[in-house]
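Just below is one structure, and these are the notes that go with it.
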Amino acid sequence: MGRGVIHVDFRDLSYVLAIAKYQNITKAADALYITQPTLTKFLQSLESQMGQKLFRKLGHRFVLTYAGERYVSKATEILNLKKELDREMSDIVKNNFGSLKIAFPTMRGTYMLPCTLPIFNQMYPNVKLDVIEEHSSLLEGMLLSGEADLAFFNLPIKSPDIDYEVIKHEEVLMVMASNHPLAHSGEVREGCKYPWIDLGLLRGEPFIMQNPSQRTRRTVDHLCKQLDFTPAIKLETSNIPAAVQLAGKGYGCFFVTETHLRHIVQTDPVVCFSVGKPCTTVDFVAAFRKNSYLPYHAREYITVVKNFT
């Protein structure tokens, strides 16, 4: 005998998503501001109505079953659609109230937020901004899950469900200490803003590299493969300012975008070079979920960022 129609409201969806996120009833209940017995009773009732388990217990963890995975996938879509509808209605009545969740890689946030948030706040004082600063490799997932409405980072983008608007084309530079023996080896090349250097001259030279998961590192790896150049990696780090400072002290050469470099205080100045054929650029973009409703004030924030960069 089949089960009847199950009536599910938005609260139910949020409750299941919280349990899936924390894998723990007590932590999920705390996040939802309800009691643990209330959440336990809810889950038991829901699973009873459905006639199947959404979670299985592994020790103290609640792990999704296949049915639970499907439930969470559709629940996420439904709640995202509800948020989009709420925003669209808010825009229609033009009350300029609302919220916007923006995400930046940590390095970008250090210099972009102080310059863009005050301008946006002056334009939209009733829009609450929630700022997320995370590793760039995590930002796509945050857009897809609805944790962020907008994310700013460099291409490439892996997911076909994310769309973007280009903010700026940025050049990736190779920097070294000003007293390096090759510091004056650059040459003028058409299409290059900086002296161009042949990476072949740097075979065997120590390099500081960003971590493999970072977007600029992926671009640099692709460049090196194209040029049949294998850098002698002395250090891998996600700390871009520290890497620039180390390059200035002669610890190794480093690849960095020109925008980052402009906002890093250098105690030991570095020399900058264009590299590639003839130079290497990346697109800095504002990314958002494809086919989702983007509020007017979100597009206005993109404009503010464009004007800053």
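The values are calculated or read from the model by the stated rules, or taken from the named source; none is laboratory data. Predicted, not measured: the structure shown is a model, and the values here were computed from it. Heads up, the Cβs are rebuilt from the backbone with ideal geometry, glycines too, and the neighbour counts pull from every protein chain shown. These area figures cover heavy atoms from the full protein model, side chains too; ligands, DNA and RNA do not enter into them. Shrake-Rupley method; radii C 1.70, N 1.55, O 1.52, S 1.80 Å.
Could you give me the ³J(HN,Hα) list for segment 56-63, computed from phi with Karplus coefficients 6.51, -1.76, 1.60 and θ = phi - 60°, whole Hz, x at Gly and Pro?
10, 8, 10, x, 9, 9, 9, 10
Only Lys, Arg, Asp and Glu count, each charged at its Cβ (+1, +1, -1, -1), so figure out the dipole size of the chain about its Cα centre, rounded to 20 debye.
Computed about the Cα centre, the dipole is about 860 debye.
Do any of Lys128/Lys158; Lys82/Lys290; Lys168/Lys225; Lys82/Lys128; Lys82/Lys158; Lys158/Lys306 go past 20 Å between their Cα atoms, and which?
Details: Lys128/Lys158 29 Å; Lys82/Lys290 16 Å; Lys168/Lys225 25 Å; Lys82/Lys128 18 Å; Lys82/Lys158 26 Å; Lys158/Lys306 23 Å.
Listed pairs above 20 Å: Lys128/Lys158; Lys168/Lys225; Lys82/Lys158; Lys158/Lys306.
Leaving out same-chain residues fewer than 8 places away, which lysines sit with a Cα under 25 Å from that of Lys53?
Lys21, Lys27, Lys41, Lys74
For segment 142-229, what is Rg from Cα atoms divided by 2.2 N^0.38 Å, rounded to two decimals?
Computed over Cα atoms of segment 142-229, the ratio equals 1.40.
Net charge near Ser73: determine it from the other residues with C-beta under 14 Å of the C-beta of Ser73, scoring Lys and Arg +1 and Asp and Glu -1.
0
Near Val175, within a Cβ-to-Cβ distance under 13 Å, what is the net charge of the other residues, with Lys and Arg +1 and Asp and Glu -1?
Value of the local net charge: -2.
So for each of 228-235, 131-138 I average, over its residues, the number of other beta carbons within 10 Å; can you give me the resulting order with the highest mean first? Write down the numbers at each step before the final one.
Numbers: 228-235: 13.2, 131-138: 16.4.
My ranking of the peptides, most packed first, is 131-138, 228-235.
When all alpha-carbon pairs of the chain are counted, what percent fall beyond 30 Å?
In whole percent, the share of Cα-Cα pairs in the chain beyond 30 Å is 49.
Can you send over the solvent-accessible area of Arg189, 1.4 Å probe, protein chains only, in Å² to the nearest 10?
For Arg189, solvent-accessible area is about 90 Å².
Can you check what the net charge comes to around Leu199, using other residues whose Cβ is under 12 Å from the Cβ of Leu199 (Lys, Arg +1; Asp, Glu -1)?
Local net charge: 0.
Can you give the helix-only mean residue ellipticity at 222 nm for the chain, where every DSSP H stretch with n ≥ 4 adds -39500 (n - 2.57) and the sum goes over all residues, rounded to the nearest 500 deg cm²/dmol?
-13000 deg cm²/dmol
Let me know the charge dipole size of segment 80-163 about its Cα centre in debye, to the nearest 20, where only the beta-carbon of Lys, Arg (+1) and Asp, Glu (-1) is charged.
200
Would you please name the chymotrypsin sites (Phe, Trp or Tyr not before Pro) within segment 1-81 that are DSSP coil residues with at most 16 other C-beta atoms within 10 Å of their C-beta?
Qualifying residues, ordered by number: Tyr33.
Compute the helix-to-body angle for 106-123: its Cα long axis versus the longest principal axis of the chain, expressed 0 to 90° and rounded to tens.
Taking the Cα atoms of the chain, the angle to 106-123 is about 70 degrees.
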